Structures are given as structure tokens and as C-alpha cells.
Amino acid sequence: MSATINQINHLQDVTKLTMPADFVDFYLTYNGGFFADKRWTESDLLDKTKFDNIQWNSNHFLTIDKIQDKFSYVEDVSNFADTIPTEHYLPFFQTEEQELFLLRLSKEESSKPVIKLIRQTSPEYWIRISKDFNGFLKDFIDKKGDILDYY
């Protein structure tokens with residue numbers, strides 16, 4: 001099920017960030033998602049009582065609602081030393097190990113790289129994963145969701 005333009009506009013209003021066009025296009029089409037690996041049978045995937053657990057234990061794109069839920073946490077950990085931040089980080093992906101991947105949205109640069117949040121460190125220690133959302137998405141599809149093989 002796709003996100004609505006109203007949901008995306010609401011997210012942009014709440015975060016006070018402008019989302020890149022490729023990101024918006026993805027969410028208007030999919031609003032999150034994941035590849036179910038061989039651990040899950042078709043029966044498991046069709047069982048609504050198991051779906052949240054399957055997603056939690058898979059590398060997955062967050063829904064717009066989950067992005068909004070995690071945004072304040074990411075803002076807190078990314079700006080603990082800054083009084084006026086110049087960069088903001090938008091969480092959009094969670095690994096099966098519960099690590100977050102973020103879009104770095106800077107006021108000073110046009111590129112929007114994908115960054116891996118390293119817990120208990122400041123942003124200068126976080127790892128750049130991809131030059132942009134489209135590059136990350138392409139890698140995710142090419143690897144059928146098994147992102148840990150290359151990050």
C-alpha cells in the first residue's frame with residue numbers, strides 16, 4: 001500500500017525537512033517494504049499475526065508513520081552537541097539487527113547520502129553507505145534485500 005501525498009506533506013511539516021524527489025516517489029508507490037527471505041514461508045507472510053514480527057526481523061524500509069516515530073530520536077542523537085544543526089538525518093530503513101539507515105539532508109549541500117547510524121557515537125563517526133537514495137535502492141534490489149553482505 002502506498003503512502004499518500006498528505007502523509008508525506010505531514011511528515012515534511014513535522015520534520016521541517018524537504019524530502020528528495022526520488023524518496024517521495026518511492027513512498028508514493030510503496031510506503032516501506034522488504035524482501036522476505038527463505039526463513040519465511042508463503043503461509044507465514046499471509047498470516048497477519050506474524051507479519052510485524054517478520055518485518056522486524058528483516059531488513060526493511062520504514063513506513064511514513066515509523067519514520068515520523070523515529071525522527072525525534074535520530075534528531076536527538078545527531079544534534080546533542082550542536083545548538084543550531086546544519087544537517088538533519090531522516091531515518092528510513094532498519095536492518096534485521098535494528099540498525100537505522102538515514103538520509104543526510106544538509107542545508108549546505110545538494111547531495112543526500114545514505115548514512116548508517118552508529119549508536120553511542122556522534123555523526124562524524126557514522127558510515128556513509130550510498131551517495132543517495134536511488135543508489136541505495138538499486139543495491140537493495142540487486143542484493144534482494146541482503147544489505148549486510150555489502151555494508
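If the chain linking Ser110 and Asp25 were pulled fully straight, counting 0.36 nm for each residue of separation and taking away their Cα-Cα distance, it would gain 28.8 nm. Each residue, Ile141 and Ile5, gets one label point 7 Å from its Cα in the Cβ direction; the gap between the two is 2.4 nm.
Please report, ordered by residue number, every helix of the chain (full DSSP H runs) that is 24 Å or longer along its axis going by C-alpha atoms and whose mean Kyte-Doolittle hydropathy reaches -1.0. The partial results should precede the final answer.
On the way: long enough: none.
None pass (Cα extent of 24 Å or more, hydropathy at least -1.0).
Among the listed pairs Lys38/Lys112; Lys66/Lys143; Lys16/Lys131; Lys70/Lys131; Lys38/Lys116, those whose Cα-Cα separation exceeds 28 Å are Lys38/Lys112. A crude spin-label estimate for the pair Asp65 and Ser122, with each label 7 Å from Cα along the Cβ direction, gives 3.7 nm. Based on C-alpha pairs under 8 angstrom that are at least 6 apart in sequence, the chain has a relative contact order of 17 percent. Estimated purely from DSSP H runs of n ≥ 4, each contributing -39500 (n - 2.57), the mean residue ellipticity at 222 nm for the chain is -11500 deg cm²/dmol once divided by its residues. Between Glu87 and Thr49, the contour length at 0.36 nm per residue exceeds the Cα-Cα span by 9.8 nm.
Every number here is computed from the coordinates shown, using simple stated rules; none is lab data. Note that the structure is a prediction, hence the values are computed from the model and not measured. Positions of Cβ are generated from backbone atoms using ideal geometry, with glycine treated the same way; all protein chains shown enter the neighbour counts.
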